[in-house]
């Protein structure tokens, strides 16, 4: 298993970095769209769609939606990001109320609808952040990685209080605090590096904490859906690593919410200081 994980990572990591930071415009949108469509294939399974032909049709519908959004400039618009913000509030309620509120989302059609506000805004968020340049895309990726690393090490050594035992027994409240501490350091380093001004620096630190918690929620949401479906991984598309959603579950929440902050807050604050 370890050998397979290493082999997969050896080609997956450079491919991902080249796609995210080496491509621009339509090529970049297509690259991230492929990732989201692979995630859509896995989501149809999480939603309870069993037949491969039906799952393929749903992926095709998603592809057409994305094409329509690209042609109408909705792929870089702010409204899908607001959709994500509202949708993740609903996801938060369902995660903390699992399994008591399960009847509100467990129907296949509702889980498919949930996938729309999880996956489509994530793709839009990738496009928005890439249009801003590589800095803020890099920041949110580092944020998620730092949150995971901080949570892992703190939770492993000091974790005692379970965060959401019904959803993901391995996560602890102490681990979340470790993730928050790690991302706070990251945000402070960025405020020292970039000309954000006082308000921009404070805003970045505060939103970093919010997006860090959102990334945890993204992980918990997928764990909840997998637990309900009684499956370990979203798929076996990445040998040794599970599925696409297993790798990007935190990003599905972090990317659109940070992109929303960038569009609605950070851009205006940067205009008062100086462009990056």
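None of the figures in this text is laboratory data; all of them are computed from the coordinates on show. Note that this is a predicted model, so its numbers are computed, not measured. Cβ atoms come from the backbone with ideal geometry, glycine included; neighbour counts cover every protein chain shown.
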Calculate the spin-label point distance for residue 199 paired with residue 265, positioning each point 7 Å from the Cα along the beta-carbon direction, and give it in nanometres. 1.2
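For the peptides 222-234, 241-253, 202-214, what is the packing order when you average, over each peptide's residues, the other Cβ atoms within 10 Å and list the highest mean first? Spell out each step's value before the answer.
Details: 222-234: 17.9, 241-253: 23.2, 202-214: 19.8.
Those peptides, ordered most packed to least, come out 241-253, 202-214, 222-234.
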Mean Cβ count within 10 Å, highest first, over the residues of peptides 52-58, 62-68: 62-68, 52-58
Which residue, 122, 146, 173, tops the fluctuation ranking in a GNM of the chain built on C-alpha contacts under 10 Å? 173
Between the modelled labels at residue 149 and residue 27 (7 Å from Cα along Cα→Cβ) the distance in nm is 2.9
Report the paramagnetic label zone for residue 56: residues of segment 17-35 whose backbone N is under 15 Å from a point 7 Å from Cα along the Cα-to-Cβ axis. none
Among 256, 14, 80, residue whose mean-square fluctuation peaks in a GNM of the chain (springs only between Cα atoms under 10 Å): 14
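So, R0 is 45 Å and r is the distance between the beta-carbons of residue 67 and residue 157; what FRET efficiency does that work out to, to 0.05? Before the final figure, lay out the partial values.
Values: r = 48 Å, r/R0 = 1.06.
For residue 67 and residue 157, the calculated efficiency is 0.40.
If you take the square roots of the eigenvalues of the alpha-carbon gyration tensor of segment 84-228 and sort them as a ≥ b ≥ c, do you get rounded (a/c under 1.5), prolate (a/b over b/c) or oblate?
Details: a/c = 2.53, a/b = 1.34, b/c = 1.89.
Oblate shape, in that a/c is at least 1.5 and b/c is the bigger or equal ratio.
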Please compute the modelled spin-label separation between residue 15 and residue 131, points set 7 Å along Cα→Cβ, answer in nm with one decimal. 2.8
Among 184, 50, 84, which one shows the highest mean-square fluctuation when the chain is modelled as a Gaussian network with alpha-carbon springs under 10 Å? 50
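What ranking do 123, 193, 70 get, fewest neighbouring Cβ atoms within 10 angstrom at the top?
Working: 123 27, 193 9, 70 18.
Exposure proxy ranking, most exposed first: 193, 70, 123.
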Would you work out the relative contact order for the chain, in percent, from Cα pairs under 8 angstrom that are 6 or more residues apart? 24
Span from the segment 158-183 Cα centroid across to the segment 14-72 one, whole angstrom: 31
On a full-extension model of 0.36 nm per residue, what is the gain between residue 5 and residue 34, subtracting their alpha-carbon distance, rounded to one decimal in nm? 8.3 nm
